[in-house]
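Please read the structure below before turning to the comments.
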Amino acid sequence: MSAERRAAVEDGFREFATARLGALSRTAYLLTGDHHAAEDLLQDVLVIVAVRWSRVAAADNPMAYVRRILYHELVSSWRRGRYRRAEVSSDQLPEHPDPRDETTTVDRRVLLRRALARLTPRQRAVIVLRFFEDLSEADAAAALGCSVGTVKSQTNYALKRLRETAPELAEFSEVTR
Amino acid sequence: MTELKSMLRELADEAKTYDVVDRAQRRARGRRWLRPAAACAAILVAAAGTILAVKALGQSGTAAPVADGPLSPASPPPFPATCTASQLPMPPGLPPKSIVSGGDRTGRYIIGRGYPSINDPNMPSYAALLWDNGAVIRLEVPGAEVVPEDVNSSGQVVITSVGSGTVGFSYHAGVLTQLAGDDVQVSAINDQGEIVGSVGVRPASWPSATAQPRLLGPDTMQGTAVGIDEDGTIVVGVQTPATRTKPSALAGIARFAPDGTMTEVPVPADATFSVGQIRSYDSGWLVGAGDTGAPPSFLWQLTSGEWHTLPVLADAVSPFGWVPISLNPIPTIGQSFSPTGTTYLLAPDGRRVDLPPMTGRYGGYALLTAYVSDDGRTVAGQAIDPTYESPDADDIAVVWHCG
């Protein structure tokens, strides 16, 4: 690859990644529950995206491609303990709670974070895909590389666990779609 | 649904914008040309000799002994001179993707995990694997995330399984036994079948797989028992409610003598490292690093006070302080990937023997080590595809036989 061509490819990657950094950061944080782990995860994902950028850019939906890398990296690399720092529940309030928050909001965050930490990476991924990224079951299945039926069953199982581990959050019981 | 969405968004508001684009791009530049054809590999090997001339051990010291207890075995075997790598086999029906998580004292047994294909629509659980003299056995263990943690010289495996809860199991000769206790995580087993780990936030031990857990230390002690010697001496990584927010961050080290007597083990007075996490323990030798793995990594003999800083965090240590080192398994820009010379077995006195790369199909893979037998004759870990191009084979369980 010529230097010019390489520079153009790198520029394309940079433009794409920078534009989506905020959204990807939020998703990575939800998936890991920890700033350091989220940063590690996002960096590792973007390395893969950069290496494969020509293919990613040529895809019909580059973001779907990136999303698939993100979730695959989360689940498969969990084995090395790379992103597991927050997989144990925290008894603490957030480090820097927003002073504008009402106590109940902060409490809900802590409870939710604790409940998410009790899920497996795949269960957690399903919850984030379906209820944060608001993907359809079909799109969530594409992101996870599994069947729609598996997304359904994993979602039900994850919600059941959330209800069990955070009964204080009665809202989970309303999640039945 | 609306409420859950709302709560997830509230939680996501805690996220920062992780500005990692530059770093990712630099790492990617160093990786694009990493998938070497065989001819390229030879060039890289030659280059690495100069680029990666890394000091084997960093700072060292010997403080006064800080605790009574068993010393390392007096007569270490000869340090290995050469090693050869080979792939560990997989059970039928599983792709090559696999990792090693530990092994026994003798080198006969190695444990690890296999992975279903990413194209498998059923997303089945990971497979717990036991290699017995190189022959693989798949252990049927319930749970979505199954982690074999340790195995003793009788082939008894202890496993942490995360499913509807966190559960500890023992597997021995075809018999699976769930350990008593709620929210159990296991860490290690010795050749007497004594098991250590944690129950909830409390460090714990089980005299046998069928025994009730014994909680260690005062009622206020939190943490995990990370290792147990053959005489029953137990080492605990102590945490506090504050440090548990980062599960890898420790408040201190405690040792429990076979009679249950607890001793706090302070870091040596002359040490240049802090103890934030423990990665491995055996017969008094502890390998760890600062909080969340921050350098320097260290090798520390708890009973004698001898310590060394290590060039990288290691995942195993022998009773003689021999540590398998994997430098730069996923290289970044400015670092050349070269398996030869970057992965080796290191002794506290600075002796080292290279752990060579795989040959053939996986010859371009980086290396990561996770296990060393007591005599240093068997080392194991995995070869890693630095390009991530082979999702069903991006980790390959590897064993090195040394002599």
Starting from the amide H of B:V141, placed 1.01 Å from N in the peptide plane, find each other amide H under 5 Å away whose residue is 5 or more places distant or on another chain. B:A128
Per-residue Cβ counts within 10 Å, from other chains only, averaged over A:149-155: what number is that? 2
I need the phi-derived Karplus couplings for the range A:139-144: 6.51 cos²θ - 1.76 cosθ + 1.60, θ = phi - 60°, integer Hz, Gly and Pro marked x. 5, 4, 5, 5, 5, 8
Residues of A:31-40, mean number of Cβ from any other protein chain within 10 Å of their own Cβ, rounded to a whole number? 3
Can you tell me which of B:258-271, B:195-208 comes out highest on packing, and rank the rest after it, using the mean Cβ neighbours within 10 Å? B:195-208, B:258-271
Just need log10 I(q)/I(0) for the range B:264-320 at q = 0.27, 0.30 Å⁻¹, Debye formula, equal scatterers on the alpha-carbon atoms, no solvent, rounded to two decimals. -1.16, -1.40
What does the average come to when, for each residue of peptide A:114-122, you count the partner chain Cβ atoms lying within 10 Å of its Cβ? 3
Long-range amide H contacts for B:Y371: which residues qualify at under 5 Å (H placed 1.01 Å from N, peptide plane, sequence gap of 5 or more or a different chain)? B:A380
Starting at the first residue of the range B:19-24, write each ³J(HN,Hα) from the Karplus equation 6.51 cos²θ - 1.76 cosθ + 1.60 with θ = phi - 60°, in whole Hz, x for Gly and Pro. 7, 10, 4, 4, 5, 5
Residues whose built amide H sits under 5 Å from the amide H of B:I253, excluding neighbours closer than 5 in sequence, are B:V238, B:V265
Peptide ranges A:20-30, B:100-110, B:131-141, A:61-71 listed from the most packed, as the mean C-beta count within 10 angstrom indicates: B:100-110, A:20-30, A:61-71, B:131-141
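Every number in this text was worked out from the coordinates using simple rules, so none of it is lab data. Because the structure is a prediction, the values reported are computed rather than measured. Cβ sites come from the backbone with ideal geometry, for glycine too, and all protein chains shown count toward neighbours.
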